[in-house]
Amino acid sequence: MGKWLFCLGLFSYSAIANQLAIEVIEGAYPKLTFRVEAAKQLELIPITKASVNEQADALQISLPASNACVYDNLQLLRGRLITIELAWNASIQQQINVLSQDKLWKDFPYRVLVPSSSTSCKVKDLELHFPSLSAFSGGWGRLELNDKTGVIAHGFFVVQQVGNVYIFNKVVPNHVKAQQYWLKYYAQ
């Protein structure tokens, strides 16, 4: 059974809340759960605007501003190997399908813009850079796609910070800790 360190609700303008939580899982890697239930804007960014290092277009999900200061909490994960659960609902998936048209949306990297309206937050606007869902499903990762529930992706990453950007780089985990994570996940 994992202990909850903290759980933030990144509240949107509607009654639906985006959620970010960090959990310590005994004998395994810390887990970052990031669920997107409502987006302010979704757009497909061409390769020229995505990043100098990008190999392809990227999908950008902009969240509504909230009082949560995600920056302070993500500092705890910087440079560490963690497990990520990235999820979004069927409504957002439908929007992504429309945006990507006939392109393979599973192969696009993701940029999530997380603004904060908190006056005490050191960094008000964060960008979270995730690899494509195809990268999540390789090796020890898992990917679940469902027309009714949306997307749930799991993978092992190291968190790198560059200014106000957090980059989640996929890594090969220690197989004992990875196995321990999946055993506890399926036990739940």
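The values are calculated or read from the model by the stated rules, or taken from the named source; none is laboratory data. What you see is a predicted model, and the numbers here were worked out from it, not measured in a lab. Cβ placement follows ideal geometry from the backbone for every residue including glycine, while neighbour counts extend to all protein chains displayed. Quick note on the areas: whole protein, heavy atoms, side chains included, nothing else; ligands and nucleic acids left out. Shrake-Rupley method; radii C 1.70, N 1.55, O 1.52, S 1.80 Å.
The magnitude of the dipole of the chain, with charges of +1 and -1 set on the Cβ of Lys/Arg and Asp/Glu and taken from the Cα centre, is near 380 debye. Using only the Cα atoms of the chain, build the gyration tensor, take square roots of its eigenvalues as a ≥ b ≥ c, and label the shape rounded, prolate or oblate: rounded if a/c is under 1.5, else prolate if a/b is larger than b/c, else oblate. In terms of gyration-tensor shape, rounded.
The accessible surface of the chain, taken with every protein chain in place and a 1.4 Å probe, is 53 percent carbon and sulfur.
The trypsin sites (Lys or Arg not before Pro) of the stretch 97-188 that DSSP puts in a loop, and whose beta carbon has at most 13 other beta carbons within 10 Å, are K103, K122, K148. Counting only protein heavy atoms and a 1.4 Å probe, the chain has 52 square angstrom of accessible area per residue. If you count the DSSP beta bridges with both ends in the chain, what percent of them are antiparallel, to the nearest 5? Taking every DSSP beta bridge with both residues in the chain, the antiparallel ones total about 75 percent.
Fully extending the segment from S120 to K148 would add 6.2 nm, taking 0.36 nm per residue of separation and subtracting the current Cα-Cα distance. A simple rule links phi to the HN-Hα coupling: the Karplus curve 6.51 cos²θ - 1.76 cosθ + 1.60 with θ = phi - 60°, which for the stretch 138-147 gives x, x, 7, x, 9, 9, 10, 10, 8, 4 Hz, with x for Gly and Pro. Charge tally for D125 (other residues, Cβ to Cβ under 13 Å; Lys, Arg +1; Asp, Glu -1): +3.
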